[in-house]
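Colleague: The following block contains the structure, expressed as structure tokens.
The values are calculated or read from the model by the stated rules, or taken from the named source; none is laboratory data. Small disclaimer: the values here were computed from a predicted structure and weren't measured. With ideal geometry, Cβ positions are generated from the backbone for all residues, glycine too; neighbour counts draw on all protein chains shown. These accessible areas exclude ligands, DNA and RNA; they are computed on the full protein's heavy atoms, side chains included. Shrake-Rupley method; radii C 1.70, N 1.55, O 1.52, S 1.80 Å.
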Amino acid sequence: MVGVSSALSLRYANILRSTCTNINVDNGAKELLDHKYPSTLESVDIAEGEILKAADYVGFDEDEQHRIGMAVRECMVNAVVHGNRYNRNKQVHVRVALSDEQFIIRIVDQGEGFEVQEVPDPLHENNLLRHSGRGLFLMGAFMDDMKVRKVLPSGTEVTLVKKVAPRK
Amino acid sequence: MSVKIETRKVGDVTVVDVSGRITLGEGSSALRDVLRDLSAQGNKKILLNLSEVSYIDSSGIGELVSGFTSVSNGGGTLKLLGLTKRVKDLLQITKLYTVFDVHEEEAHAIRSF
């Protein structure tokens, strides 16, 4: 499992450097969900449930649905708590799309944004016993690809991707 | 299902039986409160039984870590019992599996204190 952690750590480093470029969000993908949620913890549960319905529709098995749900939950919590700071005047925009190869989730908050490179590596020995700071890492660990970028006028867009098995 | 937490004594060990989901909000705050109260009451040997926990998010992991740290700082010991595969995987990928003393059988865990 140490090897797995090392591989995940490397992938996490790639996320921080935003080197994941094989996300083809607008390449003929079919939209499965497009909804704006209020900045509440209840929205986290609702969005997770809606996206899991979509994942089930696509045909992901129970384990993959669990991983997708974990990533979505972490992302929604970040958007509601750290991005929008529970501000009820701000929303979290969630879109889910399906292409031939990818199940793509985009979650956008209206917060002030953050420098992804400044997020401490939760696997570093100095950070292992920190109370928080694992959400971004877990999103990357549970999905096949991930990208974080600032959006204008303010906010953060996180794109989470799970590969789809070719349909027979 | 939200979280349900019950405590019981086995000798001088306090066993905390947790079931349900430990996620941001009610679940993680309930666990935090229980561990804080147990420490404040002077309990030094705490065994956290997670065998009925179906789901932990990063907030829940944070509470496990904080509980472990606060109990240790108070001169006590917090150990984990009965991790499900998913919780075990989560602790492994976050490199926390080796931080905690994890047991599969309660009797063995009790004797290990």
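Colleague: Suppose we keep only residues that are open to solvent by less than 40 Å² (accessible area, probe 1.4 Å) and not in a helix (DSSP H, G or I) within the stretch B:22-41. Which one would you say is farthest from A:Ser43 (Cα to Cα)?
Modeller: Filtering first and then ranking leaves B:Ile22.
Colleague: Give me the pairs: first residue in the stretch A:78-106 and closer than 17 Å to A:His35 by Cα and of a type in the set (Phe, Trp, Tyr), second residue crowded, with 19+ Cβ neighbours inside 10 Å and modelled with pLDDT under 95, beta-carbon distance under 6 Å, and six or more apart or on different chains, which are they?
Modeller: Listed by first residue and then by second, the contacts come to nothing, as the list is empty.
Colleague: Let me ask something else. Only one of (1) modelled with pLDDT under 90; (2) assigned to a helix (DSSP H, G or I) is not met by A:Cys75, so which one is it?
Modeller: (1)
Colleague: Further, regarding this structure: Does at least one position in the stretch B:67-80 carry a residue that is assigned to a helix (DSSP H, G or I), more than 18 Å from A:Arg73 (Cβ to Cβ) and β-branched (Val, Ile, Thr)?
Modeller: Yes, the stretch B:67-80 contains at least one residue that is assigned to a helix (DSSP H, G or I), more than 18 Å from A:Arg73 (Cβ to Cβ) and β-branched (Val, Ile, Thr).
Colleague: Still on this structure: Can you tell me which residue in the stretch A:122-150 is nearest to the other protein chains (Cβ to nearest Cβ), limited to those that are within 14 Å of the chain's Cα centre (by Cα) and assigned to a loop (DSSP other than H, G, I, E, B)?
Modeller: Per the criteria, the residue is A:Arg134.
Colleague: Could we say that B:Leu50 is modelled with pLDDT of 95 or more and within 14 Å of chain A (Cβ to nearest Cβ) here?
Modeller: no
Colleague: So which residues in the stretch B:65-93 are out of contact with any helix residue (DSSP H, G or I) (no Cβ under 6 Å at 6 or more places or on another chain) and at the interface with chain A (Cβ under 10 Å from one of its Cβ atoms)?
Modeller: Listed by number, the residues that qualify are B:Val65, B:Ser66, B:Phe68, B:Thr69, B:Ser72, B:Lys85, B:Arg86, B:Lys88, B:Asp89, B:Leu90, B:Leu91, B:Gln92.
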